[in-house]
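The values are calculated or read from the model by the stated rules, or taken from the named source; none is laboratory data. Just so you know, these numbers come straight off a predicted model, no measurement behind them. Reconstructed Cβ throughout: ideal geometry from the backbone, glycine too, with neighbour counts over all protein chains shown. Remember, those area values only see protein heavy atoms, side chains included, never the ligands or the DNA or RNA. Shrake-Rupley method; radii C 1.70, N 1.55, O 1.52, S 1.80 Å.
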Amino acid sequence: MDMLYSESLSSSEVNVSESEYDDEQIEMPMVVSREENGYEPKIGMMFSSEDEAYKFYNAYAKFIGFTVRKSQYRRLADGTISQRSFVCGRERHRRLKDPSYVKKVNRRETRTGCPAMICFKIEKDNWIVYKFIPDHNHDLVKSSAGAMLRSQRHVDEAHANMIEDMNNAGIKPCGMYSYFVEVAGGAQNVGFLKHDCDNFLQSKRSNTLEAGDAQSVINHFKKIQANDLSFFYTMQVDCENRMTIFFWRDGISRADYSHFGDVVIFDTTYRTNKYDMACAPFIWVNHHKQSVLFGCAFLLDETTESFIWLFESFLEAMGGLQPKTIFTDQCQAMANVVKKVFHESQHRLCLWHISQNAAKHLSYYLRQPDFKVLFNRCLYNCESEQEVEE
């Protein structure tokens, strides 16, 4: 990494960065307005706070076409920051991991070791520019797309309030974002992307999952387990010890699974009102064509990692016995996990999703009466594999 700072630290300063810094002459501070400067940072420019300094460099980055990341800093012995740098989002390279480490998701490499940066020295609460490197070693984004860069996107208070109101009204994130795009006159004017909306809702759900509610669930499970030794429950918590998933099944569910568990339907269609958690039951039917519940879970999100944890917990609760067939919806993350965890099972889509796919991809043919009759017969009325093939 390029050297960042110009002066060696005095004995009263503590270095928390990973490298030493260049000796470089610092010019006397000068106050330059953005209008006079035309966004271009200059050595000696002065700002009154870190927020003001960051906003200026971020505005410059939007104009030029790159994203900004906060990087190295130094502190004095009393803990106050004495030097600070902001860098291009493509600074450095991705850290090399142990070759034996198996990645869950292969992400595209975006780091290029870009040297572009700006460095500040803090004197008497003034943030003074003493080093500026404008050169990048990668292509820059067009100014028209600058608003989509990561450091430019944020959900402001007005949007946050609207997102919460829409969520309480049962509107999905895709519907919320489509509304914002229409009102703003294009995605480039919204100020954030759909997954920023998803992340905001995820954060709110995590923060509102009150400790008392989570503890009540645990207490309830413990009470049931005291009376039913075959009762099984487990839960997952995040890095802040907040509950994100919980799964349970009772003794009757375990017995039903041993008799009727050749086929399992897993569904995440329904959601709770307060926390917007997905209700995910494992179900099938018994010999009386009555629905039986093999187990149930509540999920805060529907990510690959959550499904892996849940499916592995389900198998643990069922003594490792895998179903012969499992039906799910057409979620790709779920499909990938089913293939990995239920490797002895046949994965099938439910009939409703097949009909939805047909309406989407075969709409031209379904408008023809003869084809529709044959298709519906194939879909609903065939009783053998040979009849379907015919």
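Couple of notes before you dig in:
- Selection status of Lys62, charged (D, E, K, R), open to solvent by 20 Å² or more (accessible area, probe 1.4 Å), at pLDDT 80 or above and closer than 22 Å to Asn137 by Cα: yes
- Residue match in the range 2-20 (condition: modelled with pLDDT of 55 or more, open to solvent by less than 50 Å² (accessible area, probe 1.4 Å) and in a strand (DSSP E or B)): no
Per-residue answers, yes or no, for (1) at pLDDT 85 or above; (2) farther than 21 Å from Val217 by Cβ:
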residue: Tyr275; (1), (2): no, no
residue: Ala278; (1), (2): no, no
residue: Gln290; (1), (2): yes, yes
residue: Gly295; (1), (2): yes, no
residue: Leu315; (1), (2): yes, yes
residue: Val341; (1), (2): yes, yes
residue: Glu344; (1), (2): yes, yes
residue: His347; (1), (2): yes, yes
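- Applying the condition of being under 19 Å from Pro41 (Cβ atoms) and at pLDDT below 75 to the range 134-161 and asking which residue is surrounded by the fewest Cβ atoms within 10 Å (Cβ to Cβ) yields Ser143.
- Subset of the range 275-323 [part of a loop (DSSP other than H, G, I, E, B), more than 13 Å from Tyr257 (Cβ to Cβ) and not aromatic (Phe, Trp, Tyr)]: Asp276, Met277, His287, His288, Lys289, Gln290, Leu300, Asp301, Glu302, Thr303
- Taking the range 325-365 as the range and being outside any strand (DSSP E or B), polar (S, T, N, Q) and either touching a strand residue (DSSP E or B) at 6+ places or on another chain (Cβ under 6 Å) or exposed (fewer than 11 other Cβ atoms within 10 Å of the Cβ) (or both) as the test, the residues that pass are Gln330, Gln332, Ser345, Ser363.
- Residue in the range 348-362 that is of a type in the set (D, E, K, R) and over 22 Å from Gln330 (Cα atoms) present: no
- Any hit, the range 214-227, residues being in contact with a helix residue (DSSP H, G or I) (Cβ under 9 Å, 6 or more places away or on another chain) and either of a type in the set (Phe, Trp, Tyr) or more than 15 Å from Phe298 (Cβ to Cβ) (or both): no
- Residue among Ser230, Ser216, Ser203 that alone is modelled with pLDDT of 75 or more, closer than 27 Å to Asn168 by Cβ and small (Gly, Ala, Ser): Ser216
- Residues in the range 162-180 that are assigned to a helix (DSSP H, G or I) and either among the acidic types (Asp, Glu) or open to solvent by 60 Å² or more (accessible area, probe 1.4 Å) (or both): Met162, Glu164, Asp165, Asn168, Cys174, Ser178, Tyr179.
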